[in-house]
Amino acid sequence: EAQVTQNPRYLITVTGKKLTVTCSQNMNHEYMSWYRQDPGLGLRQIYYSMNVEVTDKGDVPEGYKVSRKEKRNFPLILESPSPNQTSLYFCASSFSSWGAFQDNEQFFGPGTRLTVL
Amino acid sequence: KNEVEQSPQNLTAQEGEFITINCSYSVGISALHWLQQHPGGGIVSLFMLSSGKKKHGRLIATINIQEKHSSLHITASHPRDSAVYICAGLFGNEKLTFGTGTRLTIIP
């Protein structure tokens with residue numbers, strides 16, 4: 001089954017304790033991205049990757065890191081989480097970038113709800 | 001500034017009604033996406049449009065480039081259509097700006 005998986009689905013942590021949210025896709029997609037979703041603000045892009053070893057900042061990259069060492073995986077790293085990073089996080093993937101093809105379907109992971117105390 | 005605005009924020013309708021959700025955007029988008037977020041939180045991509053109209057089942061999406069406006073229509077609405085519908089403008093080829101979503105509730 002074609003899918004994007006994220007782990008963990010729920011996480012409660014404390015300020016300053018490094019954490020990683022994993023994202024993996026099994027569709028050989030080139031494009032992967034991370035979003036956070038906050039009430040009243042909608043989805044905002046954190047980082048995206050066009051291919052292995054190619055990453056770029058989205059609209060809200062501060063406080064986050066990513067890596068793309070393998071095509072299937074795109075982990076999101078919070079080196080020193082703070083309460084303002086409490087949010088719902090989504091990973092997404094597609095064959096190519098959002099605008100490359102008319103029928104370039106985007107696949108989203110199930111979301112990770114993060115609470116930083 | 002890249003901006004995408006949706007209306008209404010909330011919409012409640014009776015089963016069977018024709019539904020319209022609107023999305024307006026600032027200049028410069030190359031395409032517009034419609035997404036559906038289920039009550040459980042999962043997000044599904046519905047349409048990507050750069051011109052004209054697309055139809056999938058009971059869902060129809062239109063875009064008017066000159067007026068900088070897109071609409072999502074649902075015909076013969078059903079309670080299972082209850083979800084949050086999100087539009088997103090593609091600025092350039094890679095970056096999306098999302099609207100804040102329209103929460104649709106269909107009452108049986």
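A few notes on this one:
- Label zone (A:Lys18, point 7 Å along Cα-to-C-beta; backbone nitrogen cut-off 17 Å) within the stretch A:56-98: A:63-69, A:75-82.
- Label zone of B:His73 (point 7 Å out along Cα→Cβ, amide N under 14 Å): in the stretch B:4-38 this covers B:17-22.
- Here, chain A is characterised by an Rg to Rh ratio of 0.95, where Rg is the alpha-carbon radius of gyration and Rh the Kirkwood radius.
- Annotation: amide H-H contacts under 5 Å for A:Thr86 (H modelled 1.01 Å from N, sequence separation of 5 or more, or interchain): A:Val116.
- Cα-based shape type of the stretch B:35-108, given that a ≥ b ≥ c are square roots of the gyration tensor eigenvalues and the cut on a/c is 1.5: oblate
- From largest to smallest, the equivalent ellipsoid semi-axes obtained for the protein assembly as shown from the alpha-carbon gyration tensor read 29, 20, 16 Å.
- Zone of B:Ser82's modelled label, taken as backbone nitrogen in the stretch B:37-51 under 15 Å from a point 7 Å along Cα→Cβ: B:37-41
- Between the alpha-carbon centres of the stretch A:1-34 and the stretch B:22-62 there is a gap of 25 Å.
- A:Glu79 versus B:His56: modelled label distance in nm, points set 7 Å from Cα along the beta carbon direction: 3.9 nm
- Links that overshoot a 26 Å alpha carbon limit, given the list A:Lys71/B:Lys95; A:Lys17/A:Lys65; A:Lys18/A:Lys71; A:Lys71/B:Lys68; A:Lys18/A:Lys57: A:Lys71/B:Lys68
- Chain A packed on chain B takes about 1800 Å² of accessible surface away from a 1.4 Å probe, both sides summed.
The values are calculated or read from the model by the stated rules, or taken from the named source; none is laboratory data. Note that this is a predicted model, so its numbers are computed, not measured. Positions of Cβ are backbone-derived with ideal geometry, glycine not excepted, and every protein chain shown enters the neighbour counts. Note: areas computed on protein heavy atoms with side chains; ligands, DNA, RNA excluded. Shrake-Rupley method; radii C 1.70, N 1.55, O 1.52, S 1.80 Å.
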